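Engineer: Sharing a structure below in structure tokens format, with a few things to ask.
The values are calculated or read from the model by the stated rules, or taken from the named source; none is laboratory data. Just so we're clear, the structure is a prediction, and the values are computed from it rather than from any experiment. Positions of Cβ are backbone-derived with ideal geometry, glycine not excepted, and every protein chain shown enters the neighbour counts. Calculation scope for accessible area: heavy atoms of the full protein, side chains included, ligands and nucleic acids excluded. Shrake-Rupley method; radii C 1.70, N 1.55, O 1.52, S 1.80 Å.
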Amino acid sequence: MLQYLVRRMLWGLLTLLLITFVIYGLIRFMPGDPALLKLYQESSDKKITAEQIEQQRKMYGLDQPFYIAYVKWLGDVLTGNLQTSFAYKAPVSSVIGERIGRTLMLTINSLILEYLLAIPLGLYFTARSSRLDERSGSMLLFMLYSLPSFCGALFLQLWFAVYLEWLPLHGMQSDNYEQLSTLGKTWDLFKHALLPVAAFTYGGLAYYSRFLKATMNETVRQDYIRTARAKGIGPLKVLCWHAFRNSLIPLVTQIGLTLPALLSGAIILERIFSWPGIGTLFFQSILERDYPIIMGLVLMFSILTLLGQLLADVLYAFVDPRVSYK
Amino acid sequence: MTEPLVEIKNLRTHFFTDEGVVKAVEDVSLTIPRGKTLGLVGESGCGKSVTALSIIRLISPPGKIVSGSIAFYDDGRKIELTTLPEAEMRKMRGSRIAMIFQEPMTSLNPVFTVGSQIAEAVRLHHRVSSREAWDRAVEMLHKVRIPDAQRRASEYPHHFSGGMRQRVMIAMALSCNPKLLIADEPSTALDVTIQAQVLDLLRDLQTEFGMSILIITHDLGVIAEMADDVCVMYASKVVEYAPVVELFTNPLHPYTRGLFASRPEPGKPKDQKLRTIPGVVPSPLRFPSGCKFHPRCAYAQERCKKEEPVLRRPNLSQIPPSHVVHCHFAEQIEEQEEAAVKSV
Ligand SMILES: Nc1ncnc2c1ncn2[C@@H]1O[C@H](COP(=O)(O)OP(=O)(O)O)[C@@H](O)[C@H]1O
Ligand SMILES: [Mg+2]
């Protein structure tokens with residue numbers, strides 16, 4: 001097992017190198033020059049000399065071919081330095097570090113909700129297969145599943161923020177946040193997070209409950225389920241123990257895929273809700289050609305993707321006794 | 001005559017599918033004697049498994065027991081299984097009536113150790129600690145002659161071969177001392193030598209535990225080895241019913257005769273082509289009129305196409321009253337065949 005994981009890890013590192021290299025190249029060939037952009041933003045009379053540009057490019061390390069710059073970037077990363085953001089003039093790690101908690105607050109809560117609700121829902125629908133409540137519930141889930149999250153987000157905003165005025169439209173804090181008590185602050189944050197979390201959750205919830213129901217439908221037809229019933233085990237235990245325990249096997253491989261989704265799902269939704277997290281940062285840094293930030297985020301996504309696969313492998317071996325990595 | 005263990009009368013089990021009503025079991029009556037073995041034989045698709053699943057009440061929708069009765073005699077009490085509430089039936093399953101299946105490779109849950117699967121059955125029906133249940137599981141594995149039972153109990157099904165898994169299934173089925181063991185083609189999926197071992201084991205365990213066995217098979221060899229009584233089924237019906245020796249000496253129904261003729265026998269040379277019954281088992285959705293066997297029957301006459309026979313005692317002096325057959329012309333065919341044998 002350990003040996004297998006080490007081998008997977010080494011392959012993962014190789015993939016990581018390849019991904020970052022390709023992306024580094026792509027970014028550099030994106031139209032738009034960050035040096036020019038910066039000078040233009042900062043100068044008052046909008047007159048920029050070629051000399052100034054040259055100097056700024058040198059400062060950003062853009063005077064060298066991209067592969068040399070990449071090697072330099074890699075060298076910095078290996079010593080734990082993600083370089084300095086062009087836009088924020090601060091270390092990339094601290095720019096990301098400041099925002100990541102805000103994103104994780106949304107995505108982790110929504111992941112927990114997804115599983116917490118999807119598992120009982122999937123089991124319930126399996127038990128009620130073909131009945132009226134299952135048919136209509138499945139239909140509703142399918143509709144939710146097909147509704148893109150940004151549409152859902154807009155509906156949620158329209159209904160709860162604009163029409164009912166129960167919840168704030170966007171942002172993370174009210175204007176008077178600083179004056180609130182600790183309890184008040186928490187409540188304020190909670191109110192702001194509610195709609196984004198709902199928008200994050202419903203799609204995954206629909207996906208996982210449908211996935212679980214499909215796997216369970218397959219599992220309950222297996223011979224060992226008949227054996228369990230022939231032993232005299234009741235229907236609830238047959239479903240939630242004998243069948244679910246087997247359906248867990250395909251389910252855990254899905255968990256690995258959700259790890260990168262912890263961050264990637266945030267890009268559009270954070271824009272819609274003006275949530276100052278990683279997604280918003282990613283969006284802005286692309287607009288501003290903030291290469292070090294983009295690379296820092298790409299690195300993070302890639303590592304999470306690889307870790308997700310590794311996690312899926314480990315969980316897989318954990319829930320399926322037939323699997324052994326040799 | 002001693003009281004039987006199970007008495008099935010006029011059982012009808014149908015599946016209400018989209019294509020129509022599948023009459024998988026039609027008017028089946030049979031008796032499972034106490035401590036003895038009843039063999040249920042017939043080609044694939046003739047309703048054997050559905051009969052067995054009806055007894056243990058594991059017919060799932062769209063299937064349903066439509067009518068008939070299944071009486072289970074337990075310590076002098078008569079329990080009517082067809083109308084028993086599901087909760088009561090659940091207590092019967094595993095403890096009074098146990099079942100093993102044709103597919104040993106897939107009949108055990110792959111994610112639990114074999115010991116825990118046996119122990120689960122024990123704990124379900126007896127108030128024992130998990131330690132005691134585990135010990136019972138090991139004891140049962142030992143009884144089905146799995147070597148090194150202590151260690152193997154904590155292994156998963158995929159560590160066992162097909163034959164070994166069927167032994168595990170038998171251990172699980174017998175762990176609560178059932179009165180009836182239903183064995184649905186228990187050896188069909190196994191190699192010939194393993195088959196013989198499993199059947200031997202079942203016989204020995206019957207001597208030890210004293211349970212009745214309902215063994216289902218399409219193989220007359222298995223019947224010869226295991227059964228005391230034999231019930232031959234064709235197209236959802238019982239076509240012949242007799243004690244085993246009687247059936248083997250005097251098969252009366254043309255279908256039973258066909259089964260015997262298509263048997264490979266040690267005396268016959270290997271390359272000689274077996275006489276098989278022409279045609280196939282009809283689908284329950286398109287049963288022929290009259291006697292359902294008539295399209296495949298060499299002796300069929302006009303009457304067979306129009307009139308369905310009844311299960312009856314043939315009017316032949318050498319046939320004991322325990323032998324019944326579902327054929328209009330059983331007597332004539334018997335005389336015809338006797339004459340043919342004499343003329344050779
Ligand atoms: N779940 C089901 N739905 C519809 N038809 C079924 C079902 N189970 C069995 N049948 C039908 O019932 C008939 C008898 O099947 P079965 O008892 O399994 O035969 P066998 O004698 O081979 O065990 C077959 O024609 C089969 O197609
Ligand atoms: Mg069968």
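Engineer: Is it the case that some residue within region B:123-137 is over 27 Å from the mean Cα position of the chain (by Cα) and within 22 Å of residue B:204 (Cα to Cα)?
Structural biologist: Start the filter on region B:123-137 by keeping residues that are over 27 Å from the mean Cα position of the chain (by Cα), which leaves B:123, B:126-136.
Cutting the leftovers down to within 22 Å of residue B:204 (Cα to Cα) gives us B:135-136.
The answer is yes, given that some residue of region B:123-137 is over 27 Å from the mean Cα position of the chain (by Cα) and within 22 Å of residue B:204 (Cα to Cα).
The rows are residues; the columns are (1) open to solvent by less than 10 Å² (accessible area, probe 1.4 Å); (2) within 16 Å of ligand 2 (Cβ to nearest atom).
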residue	(1), (2)
B:3	no, no
B:6	yes, no
B:12	no, no
B:22	no, yes
B:36	no, no
B:45	no, yes
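Engineer: Which condition breaks for residue B:146 when tested against (1) within 14 Å of chain A (Cβ to nearest Cβ); (2) crowded, with 18+ Cβ neighbours inside 10 Å?
Structural biologist: If we test residue B:146 against (1) within 14 Å of chain A (Cβ to nearest Cβ); (2) crowded, with 18+ Cβ neighbours inside 10 Å, just (1) comes out false.
Engineer: If you scan region A:121-134, which residues turn out to be surrounded by 13 or more Cβ atoms within 10 Å (Cβ to Cβ) and part of a helix (DSSP H, G or I)? First the steps, then the outcome.
Structural biologist: Taking region A:121-134 and keeping what is surrounded by 13 or more Cβ atoms within 10 Å (Cβ to Cβ), we get A:121-129, A:134.
Result: A:121, A:122, A:123, A:124, A:125, A:126, A:127, A:134.
Engineer: Now a separate question. For region B:79-94, indicate whether the set of residues that are open to solvent by 70 Å² or more (accessible area, probe 1.4 Å), part of a loop (DSSP other than H, G, I, E, B), under 28 Å from residue B:13 (Cα atoms) and within 11 Å of another protein chain (Cβ to nearest Cβ) is non-empty.
Structural biologist: There is no residue in region B:79-94 that is open to solvent by 70 Å² or more (accessible area, probe 1.4 Å), part of a loop (DSSP other than H, G, I, E, B), under 28 Å from residue B:13 (Cα atoms) and within 11 Å of another protein chain (Cβ to nearest Cβ).
Engineer: Which of the residues that make up region A:306-326 are within 14 Å of another protein chain (Cβ to nearest Cβ) and either aromatic (Phe, Trp, Tyr) or surrounded by 14 or more Cβ atoms within 10 Å (Cβ to Cβ) (or both)? Reasoning before the result, please.
Structural biologist: From region A:306-326, those within 14 Å of another protein chain (Cβ to nearest Cβ) are A:315-324; that's our starting set.
Hits for region A:306-326 are A:315, A:316, A:317, A:318, A:319, A:320, A:321.
Engineer: Tell me yes or no: at least one residue of region B:117-134 is crowded, with 20+ Cβ neighbours inside 10 Å, within 14 Å of chain A (Cβ to nearest Cβ), away from ligand 2 (no atom under 16 Å from the Cβ) and of a type in the set (Asp, Glu).
Structural biologist: Yes, region B:117-134 contains at least one residue that is crowded, with 20+ Cβ neighbours inside 10 Å, within 14 Å of chain A (Cβ to nearest Cβ), away from ligand 2 (no atom under 16 Å from the Cβ) and of a type in the set (Asp, Glu).
Engineer: State which residue is nearest to residue B:67 (Cα to Cα) when the search covers only region B:1-22 and only residues that are acidic (Asp, Glu) and in contact (Cβ under 8 Å) with a residue 60 or more places away in the chain. Explain how you work it out, then say what you get.
Structural biologist: From region B:1-22, those acidic (Asp, Glu) are B:3, B:7, B:18-19; that's our starting set.
Those still in the list that are in contact (Cβ under 8 Å) with a residue 60 or more places away in the chain too: B:3, B:7, B:19.
Working: B:3: 23, B:7: 14, B:19: 21 Å.
Across region B:1-22, the extreme among qualifying residues is B:7.
Engineer: Residues in region B:170-190: is at least one at positive phi and more than 16 Å from ligand 2 (Cβ to nearest atom)?
Structural biologist: Narrowing region B:170-190 to residues at positive phi: B:177, B:185.
From what is left, the residues that are more than 16 Å from ligand 2 (Cβ to nearest atom) are B:177.
Scanning region B:170-190 turns up at least one residue that is at positive phi and more than 16 Å from ligand 2 (Cβ to nearest atom).
Engineer: I need the helices (runs of 4 or more DSSP H) fully contained in region A:176-281, keeping only those with at least 3 residues that are within 14 Å of another protein chain (Cβ to nearest Cβ). Spell out the reasoning first.
Structural biologist: Numbers: elements: A:182-219, A:223-230, A:244-264, A:266-272.
Hits in region A:176-281: A:182-219, A:223-230, A:244-264.
Engineer: Follow-up. Within the set of pairs 6+ apart or on separate chains, which have a first residue in region B:245-264 that is within 12 Å of residue B:219 (Cα to Cα), a second that is in a helix (DSSP H, G or I) and open to solvent by 30 Å² or more (accessible area, probe 1.4 Å), and C-beta atoms under 9 Å apart?
Structural biologist: Listed by first residue and then by second, the contacts come to B:260/B:248.
Engineer: Within the group B:32, B:70, which residue is more than 14 Å from every other protein chain (Cβ to nearest Cβ), more than 15 Å from ligand 1 (Cβ to nearest atom) and touching a helix residue (DSSP H, G or I) at 6+ places or on another chain (Cβ under 7 Å)? First the steps, then the outcome.
Structural biologist: Working: B:32 fails: touching a helix residue (DSSP H, G or I) at 6+ places or on another chain (Cβ under 7 Å).
On inspection, the qualifying residue turns out to be B:70.
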